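The values are calculated or read from the model by the stated rules, or taken from the named source; none is laboratory data. Source: prediction; values computed, not measured. Virtual Cβ from ideal backbone geometry, glycine too; neighbours counted across all protein chains shown.
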Amino acid sequence: MANTPSEEDLRVLDTKITQLKLDYERYFLGTRPREPVIGRGEVEKLIIVYSNQAIQNTALRFKFSSINARYQAYKRQWLDVLRKMEQGTYTRHRFKADLHGREPAAGGAPGAPAGESLFSEYRDARLACGENVKALNHQKFEQLIDKQRKALRERYGDAEFRFRVVVEQGKVKLKASRQRAETS
């Protein structure tokens, strides 16, 4: 490595930061099993090395300062999300934990109206996926469920359906499944 970073060195650093950002996003979404600490260590090392060198070229110094500022902003954001995950207050993480932790036959919480729990899950999932929930209310949600239930009954007859919230490819959906007739 030369005494001062070259244009190519800064381009490599910028690419590594972009890849690290993507890796952290995948980690926070749950598609990456571990935090990308190795990539972060590589970027940290380059930032420290370049920070301790006197960059004479004004354009390169400005470019490095911009890259460093962007990295520091990402780092603050990642640390904030990691802290929220540790405390159990990170919404995407909490939503996923709620989905895995609920009972398979969940149609509502005990003592709560049947659709209230499903509505809350749906709203939380949309928030976690970054979707707008300003116009969403319980009445519109019930209308959506009734519309789907009616279409399903036309197709499958007079069966009962249980709805659940799923996230597929970043989109929140309601999935229906037929309920088996209970025998006493």
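Looking only at residues in the stretch 150-175 that are basic (Lys, Arg) and under 29 Å from the mean Cα position of the chain (by Cα), the one that is farthest from GLY30 (Cα to Cα) is ARG162. Screening ALA181 with (1) in a loop (DSSP other than H, G, I, E, B); (2) at pLDDT 75 or above gives one miss only, at (2). Selection of first residues in the stretch 46-57 that are within 15 Å of ALA69 (Cβ to Cβ) and of second residues that are at pLDDT below 90, restricted to Cβ pairs under 6 Å at least 6 apart or on distinct chains, gives the following pairs, ordered by first then second residue: TYR50/PRO5; ILE55/THR4. Among the residues of the stretch 147-159, those identified as modelled with pLDDT of 80 or more and either surrounded by 11 or more Cβ atoms within 10 Å (Cβ to Cβ) or of a type in the set (A, V, I, L, M) (or both) are GLN148, ARG149, ALA151, LEU152, ARG153, TYR156.
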